[in-house]
1. Restricting to strands (runs of 3 or more DSSP E) lying wholly in the range 10-92: which have 3 or more residues that are over 21 Å from G105 (Cα atoms) and free of Cβ contacts under 8 Å to residues at least 60 places away in the same chain?
2. Condition first: farther than 30 Å from C115 by Cβ and of a type in the set (S, T, Y). Now tell me which residues in the range 262-295 satisfy that.
3. Can you spot a residue in the range 68-84 that is at pLDDT below 90, under 19 Å from the mean Cα position of the chain (by Cα) and not hydroxyl-bearing (S, T, Y)?
4. Filter the range 215-266 for residues that are part of a loop (DSSP other than H, G, I, E, B) and either under 18 Å from K281 (Cβ atoms) or aliphatic (A, V, I, L, M) (or both) and give the result.
5. Do we find a residue being under 30 Å from K162 (Cβ atoms), of a type in the set (A, V, I, L, M, F, W, C) and modelled with pLDDT of 95 or more anywhere in the range 251-271?
Amino acid sequence: MQYSPVVSAENNGKSIRIVLSKSGPVYDKFAASLSKKIHLTRPNIPVEIRVLASMDVEQDAKLPPALYVPVGVNATRALISVKSSIPLIAALVPDESFRILRSKGADGCRSGKLCSAIVLDQPPSRQLALISNILGKKVRVGILAGSDNMLRVNYYQSEAKKAGIVLDVEKIGSESELVPGLERLLKRTDMLVAVPDPVVFNANTIKHILLTTYRYRRPLTAYSPGYVKAGALAAIYSTPEDVAHDLASWLHKKWFNNGRQLPGILVPESYSVELNEWVAKSLGIKLPEIAELKRAIDKESGK
């Protein structure tokens, strides 16, 4: 998909400017979906779509929009670093990555007044509801965590306690500790839940994790449909279209009607579930219908 590098002076201070980290299927789907939904609810608001590589960020800010929407980590990093009074709400970024970028950004961003995000991360309550409605509340849940991911793990521990679920955490400091740590954890638990963590879950480690969990006959639930295709039992995640829908809805209901004030960090309301029937059958697990499962998740996670 081709996007124009030209910014119209007529839209100065009026438009919503979507800035993609790069052009590709995921980001293009998000941009097209968000633009379409904004046009449906606010047809008088111009929407501009740019690609980071084709723009000079400093020069771009001289013809500012009303709101920047950087998409992905690279676009978010580039815009957060510019000293500007223009608010931004990032999309398709992990929660932890956004918090780190914001803490290193320009003054307005560090305070949170000018920078927020709708993050990729699913709420822990939703992920745990997925698990309990497939495997039951008595299941012992394991999390393998890098040392820099303990804030997220603490959220999971808090939600697990509320839900009456036993959660066991094994902390590792590097990839070299992964398999021994995973084996210790799987001996103590009934299943493994994947949470975003670059030390634990990355292209180099996922094969070892899936093979080890399968050898121990422990199911894995994850945050990406790619994991289900690779051998996880289930995943709960938000598609680019899900995130675009939620952001457009928030802009329509809140941004334009609330003095254009930014929210705190948002999590997606819309989500999808994917199940692996073959893995379930091999482990003797009976899977519910997805529609039934989503109704139970919504009820249990308080949606």
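1. Details: elements: 16-20, 47-51, 67-71.
Counting at least 3 such residues, we get 47-51.
2. Within the range 262-295, S282 is the sole residue that qualifies.
3. no
4. Start the filter on the range 215-266 by keeping residues that are part of a loop (DSSP other than H, G, I, E, B), which leaves 216-219, 223-224, 231-233, 238-239, 254, 258-265.
Scanning the range 215-266 gives Y216, R217, R218, P219, G231, A232, L233, L262, I265.
5. Looking through the range 251-271, none of the residues is under 30 Å from K162 (Cβ atoms), of a type in the set (A, V, I, L, M, F, W, C) and modelled with pLDDT of 95 or more.
For every residue, the table says whether it meets (1) of a type in the set (A, V, I, L, M, F, W, C); (2) within 17 Å of the chain's Cα centre (by Cα).
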| position | (1), (2) |
| --- | --- |
| H245 | no, yes |
| K254 | no, no |
| E274 | no, yes |
| V279 | yes, no |
| P288 | no, no |
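Matching residues to (1) in a strand (DSSP E or B); (2) under 22 Å from T212 (Cα atoms):
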{"position": "I134", "(1), (2)": "no, yes"}
{"position": "L144", "(1), (2)": "yes, yes"}
{"position": "Y155", "(1), (2)": "no, no"}
{"position": "L167", "(1), (2)": "yes, yes"}
{"position": "V179", "(1), (2)": "no, yes"}
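Table: residues versus (1) surrounded by 16 or more Cβ atoms within 10 Å (Cβ to Cβ); (2) touching a helix residue (DSSP H, G or I) at 6+ places or on another chain (Cβ under 9 Å).
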site: I209; (1), (2): yes, yes
site: P225; (1), (2): yes, no
site: K229; (1), (2): no, no
site: A234; (1), (2): yes, yes
site: L247; (1), (2): yes, yes
site: L251; (1), (2): yes, yes
site: V267; (1), (2): yes, yes
site: W278; (1), (2): no, no
site: K281; (1), (2): no, no
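The values are calculated or read from the model by the stated rules, or taken from the named source; none is laboratory data. Bear in mind the structure is a predicted one, so any value in this text is a computation, not a measurement. A quick note on method: Cβ atoms are made from the backbone with ideal geometry, for glycine too, and the neighbour counts reach across all protein chains shown.
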